[in-house]
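Every number in this text was worked out from the coordinates using simple rules, so none of it is lab data. All values reported here derive from a predicted model rather than from experimental measurement. FYI the Cβ positions are ideal-geometry reconstructions off the backbone, even for glycines, and counts take in every protein chain you see.
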Amino acid sequence: MFFPIYNNGFDERILRSLIDVIKNDGVVIIPTDTFYAFACDVNSAKAARRLADLKGKKLEKSDFSIICSSISQVSSYTKPISNDFFKLLKRNTPGAFTFVFEASSLVPKIFQNKKRCIGIRIPDCEFISELSKALDSPLLVSSLPTEGRCFEDYSNIDLILEEWEDKVDCIVGGNDDLNFEPSTVVSCIGEDIEIIREGCGDLIL
């Protein structure tokens, strides 16, 4: 199933149909402000296992992030955030960043790494913003595998359809605002801020 979206808006029926797919343990491919990504409901272990299989990894060894609709939602899925980290999020979201925090008990342990951390994203993407607001819970996300591909290939909806249309429940495409770089990954563990991967996000400290 393929749902097109466009930079001047999208059909509300598409949004409702996509939510139905996600809420029924579906795995979808959606555009973000960086690459296209696999996505599913954070509360669906069944969908998460499928997502890990698509990545060719064991679920417990997969690097997942969650997309939240707002900073207030972020605070529900992380341990208490310091005032400095809250200001950092406010200055840099929405944006092309993945912020790594200690996970709260709302994040299933199987989705956390050994340090009990989780990557948090609030992308600068109108479609994602509308989808996140319409869902009752965050999206569990992971970038499409890029091994053997250049980054541009995984922003090309025709190539994505060719490779993945029969492996996922739905693909959403049509966003021309994607970057050809991954997000900047920022560790917010402990008291210090550390950039652990440079990407297209230019962090404002």
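Points worth noting:
- The calculated FRET efficiency for the pair Lys133 and Lys57, based on their C-beta separation and a Förster distance of 30 Å, comes to about 0.50.
- Scalar couplings 3J(HN,Hα) for the stretch 59-71, obtained by applying the Karplus form with A = 6.51, B = -1.76, C = 1.60 to θ = phi - 60°, are 4, 5, 10, 7, 9, 9, 10, 10, 9, 10, 8, 6, 5 Hz; x denotes Gly and Pro.
- Sites count as exposed loop sites when they are GluC sites (Glu not before Pro), lie in a DSSP loop, and have at most 11 other Cβ atoms within 10 angstrom; the longest stretch of the chain without one is 1-146.
- For the chain, the residue among Val27, Leu51, Asn83 whose Cα projects farthest onto the positive side of the dipole built from Cβ charges is Asn83.
- Anisotropy class of the stretch 1-110 from Cα gyration tensor, a/c 1.5 cut: oblate
- Loop-resident sites, the stretch 1-88, for trypsin sites (Lys or Arg not before Pro), counting at most 16 other Cβ within 10 Å (DSSP): Lys57, Lys58
- Structure remark: mean-square fluctuation, Gaussian network model of the chain, C-alpha springs under 10 Å; the largest value among Val168, Val42, Val74 belongs to Val168.
- DSSP beta bridge pairing in the chain, given as percent antiparallel to the nearest 5: 65 percent
- Among the listed pairs Lys23/Lys57; Lys61/Lys87; Lys79/Lys167, a Cα-Cα separation exceeding 28 Å is found for Lys61/Lys87; Lys79/Lys167.
- For the stretch 45-132: rounded, prolate or oblate by the Cα gyration tensor [a/c cutoff 1.5]: oblate
- Max mean-square fluctuation residue, GNM over the chain, Cα-Cα springs under 10 Å, options Leu161, Leu106, Leu18: Leu106
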